[in-house]
Amino acid sequence: MTTIRRFILTAVLCAALVPSSFAAAAAQDGGDAPGGADEVAKRLARADQLLDAGDADGALRELDAVLRLDEDNVAAFIGRGDAHLLRDQVERAIIEFGRALGVDGKSVAALVGRGDAYRFVGKLDEALGDYKKALELDSNQSDAWVGAGLVAALQGRTEEALENLDWAVRLDGKSAYALKSRGDAKLDTGDADGAIADYDRALDLDPEAPDAYLGRGSARLEKGDHAGAIADLDRCLELQAKDLGAHVTRGYARAGGGDWDGALEDAKTALEIAPADGLGHDLHGWVLEGKGDLRGAEKAYSRAIELGKEFPEGWVGRGRVRIGLGETKKAIADLGQAAKLAEGDPYPAIWLAALGGDRARAAELGKAAAGWSGLLARFVVGEATLGELLTEAGRELDPRKRSARLCEAHALCGLVSEVDGDADEAQVQYEKAVELGRGEFTEWHLATARLKALDR
C-alpha cells in the first residue's frame, strides 16, 4: 500500500489553468458587419475582459450581441466556448468550438479550445486529434503542445509528455500555463522537487493562479511538508473557494499533520461540492479510518467504489479497513480486485499475499521488481526475512521515508504472523509499527486497528 495518500493527478492533468482561446482570435476578428466593425471590436474586447475576470454570463451577453451584428464571427463562437468552460458546461463548449470550425476549419484557437474541452471529459483521442491539427497549422503554438503533453501524461506516455511540455516552455518561457502543466507532469512521475520549481516559476508570472497553488500544494504533500502544502491549498481556496481538488488535497495534508478534525471538515466540504465524485468519499473513508471509526470508513469506501468501480483506491481502502476489522475473506476479495485494477502498483498484490490470498502476483513481483517493493514481495512469499527488510529500510536517508518503511515492514510482518496463528508475535510487530510510524501512513492505521482487535 502507498505510505501517503495524495490527490489523484488525473484531476489536475484533465482540467487546470487553461488560458482563453478567445483572446488571440478576438484580436484577429473584428467582424465584417457593414458599419458595425467598431462595435464588434469593442464588444469582443469587453467579452475578453469579462472572461479574464471569470464573468461567463457577462461575456456571453457581449458575444451574443456580436453574433447579432456578425452571425459568422469566429472569435465570438470561440469566446462562447471559453465561457461555457468557465461554467463547467463542457459539451456546450465543444459545440461552440465546432461552430467556429464550421466557419473556419483552420482556426488554431478553436482547435486548441475544443481539444481542451475534449480532454476535460476524458475524450483523449479526440483531444489529441485536435491538438495535432492545430500543430500542423502552427507548430509554434505553445498551448497545443501543452495539450498534447497532458494527453500523453494521461495515457501513460511519460517521456513523450515531458518532451512536449519542455517544447511548450521553450516556445513560451513566460507562459504560466505551460510551466504549471509541466509541473503537473513532473509530479506525476514522482519528481516533486522539479514540479515545485515549475510551480514557483508559474506563480512568479501569475501570482493568482489557483491551480498552480493546488499543484505546488500536492507536490509539498508528496514530500511530507504538510504545513507548506496547507498554506498553498489555503491560498488556492481563497482564489477558488469550491475547488474539489484543493479540499481533498488539503484534507490529506491536514490528516498527515495530525489535524483529523480539519481533515474531516475538508472531507465534508468535498462531499457537498461533488457528492457523486469518489474522491471526496475516499478522503472521508481515510479520515474516519484515522479517527478509529472503521465501520464508518468501510461505508465511505464502499460509496467510493459504487461511484468508480474502475479505480483501485476505494478497493484498497476498504480492503485495508476490513483487515483491521478481522474480515479476512472480504479483505482478500477487495485487495484481489484492487490488484487487477492497479497494474502499476505492487502493494495490493503484496498485502493480498500477506493475508494468505493469491501469491502468484507477489511471487512474480519478487522476481521482477527491484528495490523496496520487490523485497516486500519476496518477504510475503517466504523468500526474504524481516531482518533484510529492516536493514533495507535503515538505508533510507530521508527520515520520513525511513519511518514509513519501518512502519510498513513491521505491520506486514505482524499481519503475516497473525495469519500464521502467532498472535503474540503479531502484537509485538504491530506495536513496533505504531511506535515507528505516524498517522499519515496507511500501515499505521492497519497496525493500530489490529492491536485493538488483539487486545479484545
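How many residues, within the stretch 107-142, are surrounded by fewer than 24 Cβ atoms within 10 Å (Cβ to Cβ) and of a type in the set (A, V, I, L, M, F, W, C)?
Residues flagged as surrounded by fewer than 24 Cβ atoms within 10 Å (Cβ to Cβ) and of a type in the set (A, V, I, L, M, F, W, C) within the stretch 107-142 amount to 7.
Mind checking which residues of the stretch 225-249 are surrounded by fewer than 24 Cβ atoms within 10 Å (Cβ to Cβ) and assigned to a helix (DSSP H, G or I)?
His226, Ala227, Gly228, Ile230, Ala231, Asp234, Arg235, Leu237, Glu238, Leu239, Leu244
List the pairs whose first member sits in the stretch 283-299 and is closer than 18 Å to Lys330 by Cβ and in contact (Cβ under 8 Å) with a residue 24 or more places away in the chain, whose second member is aromatic (Phe, Trp, Tyr) and surrounded by 23 or more Cβ atoms within 10 Å (Cβ to Cβ), and whose Cβ atoms are under 6 Å apart, counting only residues at least 6 apart or on separate chains?
Once the first residue is closer than 18 Å to Lys330 by Cβ and in contact (Cβ under 8 Å) with a residue 24 or more places away in the chain and sits in the stretch 283-299, its partners that are aromatic (Phe, Trp, Tyr) and surrounded by 23 or more Cβ atoms within 10 Å (Cβ to Cβ) give Gly285/Tyr301.
Name the pairs: first residue in the stretch 105-122 and closer than 20 Å to Asn140 by Cβ, second residue surrounded by fewer than 24 Cβ atoms within 10 Å (Cβ to Cβ) and of a type in the set (Lys, Arg), Cβ to Cβ under 6 Å, at least 6 apart or on different chains?
Short answer, once both residue conditions are applied: Leu111/Lys133.
Is the stretch 250-260 home to any residue that is small (Gly, Ala, Ser), surrounded by fewer than 24 Cβ atoms within 10 Å (Cβ to Cβ), at pLDDT 95 or above and closer than 20 Å to His445 by Cβ?
No, that holds for no residue.
Within the stretch 248-266, how many residues are touching an Asp or Glu at 6+ places or on another chain (Cβ under 9 Å) and among the hydrophobic types (A, V, I, L, M, F, W, C)?
Adding up the residues that qualify gives 3.
Anything in the stretch 203-230 that is closer than 24 Å to Pro399 by Cα and of a type in the set (Asp, Glu)? List them, or say none.
Once the filter is applied, which keeps residues that are closer than 24 Å to Pro399 by Cα and of a type in the set (Asp, Glu), the stretch 203-230 yields Glu222, Asp225.
Out of everything in the stretch 43-67 that is farther than 18 Å from Arg99 by Cα and surrounded by fewer than 16 Cβ atoms within 10 Å (Cβ to Cβ), what residue ends up being modelled with the highest pLDDT?
Looking at residues that are farther than 18 Å from Arg99 by Cα and surrounded by fewer than 16 Cβ atoms within 10 Å (Cβ to Cβ), I get Asp57.
What helices (runs of 4 or more DSSP H) lie completely within the stretch 325-381 and have 1 or more residues being closer than 26 Å to Leu288 by Cα?
Because the criterion is at least 1 residues that are closer than 26 Å to Leu288 by Cα, the helices (runs of 4 or more DSSP H) in the stretch 325-381 that meet it are 328-341, 347-354.
Only one of these conditions is not met by Ala212: (1) at pLDDT below 95; (2) under 21 Å from Ala176 (Cα atoms). Which number is it?
(1)
The values are calculated or read from the model by the stated rules, or taken from the named source; none is laboratory data. Keep in mind it's a predicted model, so treat the numbers as computed, not measured. Positions of Cβ are backbone-derived with ideal geometry, glycine not excepted, and every protein chain shown enters the neighbour counts.
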